[in-house]
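First up is the structure itself, then whatever we jot down about it.
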Amino acid sequence: MRFHHMCIVTADIDEAIHLWRDVMGFELKVKMTIPDGEEFGPAIMAPRRLLEDLYKIKGATATVAVLISKERAMIELLEPHIPSVAPTPPDRLRYAHTGIHELGLVLEDIDGFFDKVRAAGYRTQTEYVWPCANMGKSFIFYDKEGNMIQIWEHSAEAPAELRVP
């Protein structure tokens, strides 16, 4: 099995697009309002029936955006309109609760990217990039809604079986 994508629910899709496109370097492929049709079909991404079944509410609507990195990582951004989206309390975004709490991405030139993220106004968990034994270097930063994004760079000494391409 291979990883396909991560969906990030947001209250501000334009800010989320800014982060993923302008800071992270992803390319915006799709931005649209859903539902985009009444029935399933080859040109319909999310018909009304599907959205209402997924959200469990009649009249559900949202804006969706799909972004892809040059390495083919895909991020889906979703801003629900009906029902309205409520921000997750910050204490629920950390490690004391179950669920997915950080999205990890690998790149080269982590130090340069750390500086770019901070210059763009995003808060980092530490004031520095930290080493992880002989495996690599890492840091975590927060998007504007408090979600943690971990950035990783493999070291030359990292065991081959732990290197994610």
Exercise. Regarding Ala43, is this residue within 21 Å of Tyr122 (Cβ to Cβ) and of a type in the set (Gly, Ala, Ser)?
Worked result: no
Exercise. Asp12 passes all but one of (1) more than 17 Å from Asp143 (Cβ to Cβ); (2) modelled with pLDDT of 95 or more; (3) of a type in the set (Asp, Glu); which number fails?
Worked result: (1)
Problem set entry | So Thr10, is it closer than 22 Å to Ile100 by Cα, of a type in the set (Ser, Thr, Tyr) and either out of contact with any Gly (no Cβ under 9 Å at 6 or more places or on another chain) or in contact (Cβ under 8 Å) with a residue 40 or more places away in the chain (or both) | yes
Exercise. Residues in segment 1-25 that are farther than 8 Å from Leu77 by Cα and either assigned to a strand (DSSP E or B) or in contact with a Cys (Cβ under 8 Å, 6 or more places away or on another chain) (or both): how many?
Worked result: 1
Seminar exercise, completed: Selection over segment 119-165 where residues are acidic (Asp, Glu) and in contact with a Leu (Cβ under 9 Å, 6 or more places away or on another chain) yields a count of 3
Problem set entry | Single unsatisfied condition, Leu28 versus (1) in a loop (DSSP other than H, G, I, E, B); (2) touching a residue at least 24 places away in the same chain (Cβ under 8 Å); (3) out of contact with any Pro (no Cβ under 8 Å at 6 or more places or on another chain) | (1)
Exercise. If you go through segment 64-110 one residue at a time, how many are among the charged types (D, E, K, R), open to solvent by 90 Å² or more (accessible area, probe 1.4 Å) and within 19 Å of Glu15 (Cβ to Cβ)?
Worked result: 0
Problem set entry | Matching residues, segment 122-136, being at pLDDT 95 or above and surrounded by 13 or more Cβ atoms within 10 Å (Cβ to Cβ) | Tyr122, Thr124, Val129
For this session: Within segment 44-63, track down each residue that is open to solvent by 60 Å² or more (accessible area, probe 1.4 Å) and at positive phi.
Result: Lys56
Problem set entry | Within segment 33-84, considering residues that are assigned to a strand (DSSP E or B) and among the acidic types (Asp, Glu), the one farthest from the chain's Cα centre (by Cα) | Glu79
For this session: Filter segment 15-43 down to residues that are modelled with pLDDT of 95 or more and among the acidic types (Asp, Glu) and give me whichever is most open to solvent (accessible area, probe 1.4 Å).
Result: Glu27
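The values are calculated or read from the model by the stated rules, or taken from the named source; none is laboratory data. Computed from a prediction, not measured in an experiment: that's the story for all the values here. When we count neighbours, we look across all protein chains shown, and the Cβ atoms used for this are built from the backbone with ideal geometry, even at glycine. These area figures cover heavy atoms from the full protein model, side chains too; ligands, DNA and RNA do not enter into them. Shrake-Rupley method; radii C 1.70, N 1.55, O 1.52, S 1.80 Å.
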